[in-house]
């Protein structure tokens, strides 16, 4: 495969950085809007079903963040395979960028490191979002408790599913990019 230009490498590294910054901004903005909506629902809509509105904002915030992370990871694996592992003609491997290789060899952060998808924060926010149903006055009916629990549980399951996909993404995509790099190039006939 022909080597892309070094300008591509720089642009893609900048893309990863901007996506990382945008994820944090989206998290803070989304959680802020969610909190305001939850307070408004508690103050003005005392019906248990009304907590579905802030839950939608919570889910939308997560869905805005999730593809940014998955896309940044995919770009990182591309850079690792096509720039760092393959090297560049006329340059030794020690002279080519090595951020992705070094970051992969570092492994996970020990202790309570941050989560790239902010799953623990979304999990806690989901529990907080459900609390008004449990604390509703007059007491919520069992049907209401169950009905409102379904979308909350579904969102938690989606969080866990996304977390699992995130944990396997690097390995799967690294292998796939290596297959693409090593596959014989098919030339098209006109």
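What the table below lists for this structure:
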read-out	value
Distance in nm between pseudo-label sites at residue 6 and residue 44 (7 Å out along the Cβ direction from Cα)	5.7 nm
Ranking of 57, 51, 172 by count of other Cβ atoms within 10 Å, fewest first	172, 57, 51
Residues of region 48-85 with amide N under 18 Å of a point placed 7 Å along Cα→Cβ from residue 33	51-69
R0 of 41 Å, Cβ-Cβ distance residue 14-residue 160: FRET efficiency to nearest 0.05	0.80
Neighbour-count order for 177, 122, 155, fewest beta carbons within 10 angstrom listed first	177, 155, 122
Cα-based shape type of region 18-67, given that a ≥ b ≥ c are square roots of the gyration tensor eigenvalues and the cut on a/c is 1.5	oblate
Relative intensity, log₁₀ I(q)/I(0), of region 8-47 from a Debye sum that treats every alpha carbon as a point, q = 0.24, 0.34 Å⁻¹	-0.75, -0.97
Separation of the residue 52 and residue 182 label points, Cα + 7 Å toward Cβ, nm	5.1 nm
Proxy reagent accessibility, fewest Cβ within 10 Å first, across 6, 162	6, 162
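Bear in mind that the values in this text are calculations on the coordinates, not laboratory data. Remember, predicted model here, so these are calculated numbers, not experimental data. Heads up, the Cβs are rebuilt from the backbone with ideal geometry, glycines too, and the neighbour counts pull from every protein chain shown.
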